[in-house]
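The values are calculated or read from the model by the stated rules, or taken from the named source; none is laboratory data. Note that the structure is a prediction, hence the values are computed from the model and not measured. As a convention, Cβ positions derive from the backbone with ideal geometry for all residues, glycine included, and neighbour counts pool all protein chains shown.
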Amino acid sequence: MAEKKKKAVIGSLQPNVEPLLELNDLTAADFAPASSDEKEGFIQQRKSVSYWADAWRRLRSNVVAMVAFAVIILLVLFAFVGPMLVPYSNTQFNAGAENLYPWHYSLEAQRAYEEATAVQDPEAAVEAARAEAEARGEELSSVDEAIIRAQARAGGNEAYEGMTEAEVYKALGYSLQPFGYSRGELERIEAGEKVFPHIFGTDRYGRDILVRTMYATRVSMVIGLTAALIVLIIGSIYGSISGYLGGMVDVAMQRVVDVIYSLPDVLIILLISTAMSPHITEFINNNPDNPVASFFRTVGPNLIGMFIAFACLYWVGLSRIIRGQILTLKKQEYVTAARALGASSGRIIQRHLLPNCIGQIVATTCLQIPSAIFTESFMSFLGVGVLAPLTSLGSMCSDALGGITTYPYRLIIPAIIISIMILAFNLFGDGLRDALDPRLKK
């Protein structure tokens, strides 16, 4: 019977020597070199993962961030590709198509409905019926004429009496499916002609709200990305210089940041726009063929003032984040080694410090985009943002206030686009910040 191994008693101070005694049973074969097959099975070669690949892996595991990223891609396609697929322009006035509801009957169907249910002149109705009877070789009696006069005074055709509006449209051969196309429009589509409905309806001037929303989304995205680029350049340079130099230079630069933090951005935008408006107008009038003047004419002084305000105010948050990172990184050994080898301060900041802050820079810049979009929409809603012929989601909401009780869709549609866009950028920015933070590695 094999000797039973003794188990160590819990709480005992006596060491367990059984594993050590088993070493006496080793033979020379146990110390033989391992074969190549044994080495391949023992040593597992794993592919090295870079910082960005690891960040992308963690970002993909964040379901909310990936859904927000997909929404952003759809909004980009909606804003930049969508207008190419719609036969209308954002400034096109469609006479006779004013105040159309979304997914509503076409203009052709509306005219047919009005003709079928309109009140007719009794004598004109009798003359028309008499002409039809003569064409058939018949003659109307006085009783028939009296009935026609009574029906004309009552209004509409007796064939549609008691029907609802939808039933009248159906009897006329029109349907809401698909997209409110009429029977004639469906025939034109089958013949190869291009017919596009007003899916989001039209405004009081007959302009298609769908294409105006696309252009407005494009303007908001361009402004948000431009503001983020301005913040990225100014904030990273200012914060890195302040953190690297330190001392009195850092103190003086941070007091400037404190002053800028206390300035209201809306007031600054209004003041800059008011001060620049006469000078920009004079420059445009004096240089009609200048491409810069043409750009200023399209953008307008309000939007230029908004960009200047972004450059003056919005970079302070990023600069403080970069400064805090630089204060920590500049004490690392590789920075000391670079300084000992004679590297200049600019090279150390550019090649050694800023690349190690790239995660914070990208995440903070991405989170700056929804803030800029909201500011632009808010200023356009107040009437001091983009100017015609450009359109913005904020200006569309402002124009919709006049008919909010009758045509609420004019306000609801751009408001939903603004909310979805800001929420998507915020959620994606949060996910990007978590993915790029090495302290959150799993």
Across region 254-269, what is the total count of residues that are surrounded by 13 or more Cβ atoms within 10 Å (Cβ to Cβ), free of Cβ contacts under 8 Å to residues at least 40 places away in the same chain and among the charged types (D, E, K, R)?
-> 0
Take region 270-283 and flag every residue that is loosely packed, with under 11 Cβ neighbours inside 10 Å and either touching a Ser or Thr at 6+ places or on another chain (Cβ under 8 Å) or among the small types (Gly, Ala, Ser) (or both).
-> none
Pair list, Cβ < 6 Å and 6+ apart or interchain, from region 334-347 residues that are more than 15 Å from Gly243 (Cα to Cα) to residues that are surrounded by 13 or more Cβ atoms within 10 Å (Cβ to Cβ) = Ala338/Ile348; Ala338/His352
All positions within region 329-364 that are among the small types (Gly, Ala, Ser) and in a helix (DSSP H, G or I) = Ala337, Ala338, Ala340, Ser345, Gly346, Gly359, Ala363
Are any of the residues in region 398-406 under 21 Å from Gly224 (Cβ atoms) and out of contact with any Lys or Arg (no Cβ under 7 Å at 6 or more places or on another chain)?
-> yes
Counted residues in region 89-143 being charged (D, E, K, R), at pLDDT 75 or above and in a helix (DSSP H, G or I) come to 4
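Residues Val299, Val316: which one is more than 23 Å from Gly243 (Cβ to Cβ) and touching a residue at least 24 places away in the same chain (Cβ under 8 Å)?
Values: Val316 fails: more than 23 Å from Gly243 (Cβ to Cβ).
Within the list Val299, Val316, the selection yields Val299.
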Has region 67-79 got at least one residue that is in a loop (DSSP other than H, G, I, E, B), closer than 30 Å to Leu210 by Cβ, at pLDDT 70 or above and out of contact with any Gly (no Cβ under 8 Å at 6 or more places or on another chain)?
-> no
Determine which member of the set Ile280, Ile326, Ile308 is assigned to a helix (DSSP H, G or I), more than 23 Å from Glu376 (Cα to Cα) and of a type outside the set (S, T, N, Q).
-> Ile326
Close pairs from region 396-410: first of a type in the set (Val, Ile, Thr), partner surrounded by 13 or more Cβ atoms within 10 Å (Cβ to Cβ) and modelled with pLDDT of 80 or more, Cβ under 6 Å, at least 6 apart = Ile404/Leu411
